[in-house]
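The values are calculated or read from the model by the stated rules, or taken from the named source; none is laboratory data. Note that the coordinates shown come from a computational prediction; the quantities given were computed from them, not determined experimentally. Positions of Cβ are backbone-derived with ideal geometry, glycine not excepted, and every protein chain shown enters the neighbour counts.
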Amino acid sequence: EPEVTQTPSHQVTQMGQEVILRCVPISNHLYFYWYRQILGQKVEFLVSFYNNEISEKSEIFDDQFSVERPDGSNFTLKIRSTKLEDSAMYFCASSELGGTGRNSPLHFGNGTRLTVT
Amino acid sequence: AQSVSQHNHHVILSEAASLELGCNYSYGGTVNLFWYVQYPGQHLQLLLKYFSGDPLVKGIKGFEAEFIKSKFSFNLRKPSVQWSDTAEYFCAVKSTGKLIFGQGTTLQVKP
């Protein structure tokens with residue numbers, strides 16, 4: 001079964017550094033998402049992306065965050081200047097369709113554990 | 001704002017016990033409802049989903065969930081749990097583009 005793949009699985013960075021988290025969504029999917037899960041807390045929506053632009057973002061997704069689909073397969077999340085509180089598991093997801101409907105379930109990657117020291 | 005509430009944070013059961021995990025959501029319009037499972041060290045996997053039709057949906061690994069519109073609930077059930085069901089379970093609702101997750105329930109099954 002096709003999978004969403006994320007790299008790296010674990011990223012350690014110093015406060016203030018830029019990080020790029022990479023994702024390869026399922027090939028025929030059109031909608032892409034980033035979620036994060038701070039240790040011990042719920043999975044939180046960050047951003048959704050469709051047709052090469054952000055379709056929705058949460059209040060967490062401030063100017064420090066950006067997303068990009070640099071080519072036909074990758075979907076990246078960049079954090080410009082990391083803070084300690086950015087430490088979390090970041091999940092990429094993709095879906096064939098957006099909104100509601102039978103082809104809209106999200107498929108998640110294994111996540112990237114980001115540790116900011 | 002839409003929200004999802006899972007009643008139990010941590011559930012401990014013995015093998016063969018029956019399971020019911022509660023989930024309530026706050027959105028009144030058309031919703032899709034999901035249960036995801038996260039086994040230790042793994043990604044979120046879809047257990048089951050409800051879009052329309054029969055409110056009792058069956059998922060993988062013997063799980064089922066019942067959508068009760070009047071109660072805004074979508075409880076997850078399994079008649080007899082196994083040790084391998086030890087995991088974190090997330091209820092989620094999708095009304096527009098994004099999934100809103102509950103806080104998760106950690107299920108620990110003792111052999």
Considering residues that are farther than 22 Å from B:Ile12 by Cα and touching a Leu at 6+ places or on another chain (Cβ under 7 Å), the number found within region B:67-78 is 1
Of the residues in region B:52-75, those that are in a loop (DSSP other than H, G, I, E, B), touching a residue at least 12 places away in the same chain (Cβ under 8 Å) and either of a type in the set (Phe, Trp, Tyr) or within 14 Å of chain A (Cβ to nearest Cβ) (or both) come to B:Gly59, B:Phe63, B:Phe72
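For residues that are surrounded by fewer than 21 Cβ atoms within 10 Å (Cβ to Cβ) and outside any loop (DSSP other than H, G, I, E, B), scanning just region A:1-18, find the one that is farthest from the other protein chains (Cβ to nearest Cβ).
Residues of region A:1-18 that are surrounded by fewer than 21 Cβ atoms within 10 Å (Cβ to Cβ), as a first pass: A:1-3, A:5, A:7-18.
Subset that is outside any loop (DSSP other than H, G, I, E, B): A:5, A:7, A:10-13.
Values: A:Thr5: 10, A:Thr7: 13, A:His10: 11, A:Gln11: 16, A:Val12: 18, A:Thr13: 21 Å.
This residue is A:Thr13.
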Taking region B:46-88 and keeping residues at pLDDT below 90 and either in contact with a Cys (Cβ under 6 Å, 6 or more places away or on another chain) or among the polar types (S, T, N, Q) (or both) leaves B:Ser52
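Conditions tested, residue by residue: (1) under 20 Å from B:Gly62 (Cα atoms); (2) hydrophobic (A, V, I, L, M, F, W, C); (3) more than 10 Å from chain A (Cβ to nearest Cβ).
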{"position": "B:Ile12", "(1), (2), (3)": "yes, yes, yes"}
{"position": "B:Glu15", "(1), (2), (3)": "yes, no, yes"}
{"position": "B:Leu21", "(1), (2), (3)": "yes, yes, yes"}
{"position": "B:Tyr25", "(1), (2), (3)": "no, no, yes"}
{"position": "B:Val31", "(1), (2), (3)": "no, yes, no"}
{"position": "B:Tyr36", "(1), (2), (3)": "yes, no, no"}
{"position": "B:Leu47", "(1), (2), (3)": "yes, yes, yes"}
With criteria (1) at pLDDT 95 or above; (2) more than 14 Å from chain B (Cβ to nearest Cβ), A:Ser27 comes up short on (1)
Reported set for region B:18-36 where residues are over 15 Å from B:Leu48 (Cβ atoms) and assigned to a loop (DSSP other than H, G, I, E, B) is B:Ser18, B:Gly22, B:Ser26, B:Tyr27, B:Gly28, B:Gly29, B:Thr30
Here the qualifying pairs (Cβ atoms under 6 Å; residues six or more apart or on different chains; first in region A:1-20 and of a type in the set (Asp, Glu); second surrounded by fewer than 15 Cβ atoms within 10 Å (Cβ to Cβ) and part of a loop (DSSP other than H, G, I, E, B)) come out as A:Glu18/A:Arg80
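What are the residues in region A:34-90 that are outside any strand (DSSP E or B), in contact with a Leu (Cβ under 9 Å, 6 or more places away or on another chain) and not hydrophobic (A, V, I, L, M, F, W, C), if any?
First, the residues of region A:34-90 that are outside any strand (DSSP E or B): A:38-42, A:51-52, A:58-64, A:69-74, A:80-87.
Now narrow it down to the ones that are in contact with a Leu (Cβ under 9 Å, 6 or more places away or on another chain): A:51, A:58, A:60-61, A:82, A:86-87.
Once the filter is applied, which keeps residues that are outside any strand (DSSP E or B), in contact with a Leu (Cβ under 9 Å, 6 or more places away or on another chain) and not hydrophobic (A, V, I, L, M, F, W, C), region A:34-90 yields A:Asn51, A:Ser58, A:Thr82, A:Asp86, A:Ser87.
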Scanning region A:20-77 for residues that are among the polar types (S, T, N, Q) and crowded, with 20+ Cβ neighbours inside 10 Å, the one nearest to the chain's Cα centre (by Cα) turns out to be A:Ser48
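Among the residues of region A:12-51, write down those that are aliphatic (A, V, I, L, M) and within 15 Å of A:Pro70 (Cα to Cα).
Of region A:12-51, the ones aliphatic (A, V, I, L, M) are A:12, A:15, A:19-21, A:24, A:26, A:30, A:38-39, A:43, A:46-47.
Correct list: A:Ile20, A:Leu21, A:Val24, A:Leu30.
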One residue is enough: does region B:76-88 have a residue meeting the conditions aliphatic (A, V, I, L, M) and either under 27 Å from A:Thr5 (Cβ atoms) or within 11 Å of another protein chain (Cβ to nearest Cβ) (or both)? yes
For B:Val81, the lone unmet condition from (1) part of a strand (DSSP E or B); (2) under 14 Å from B:Leu13 (Cβ atoms) is (1)
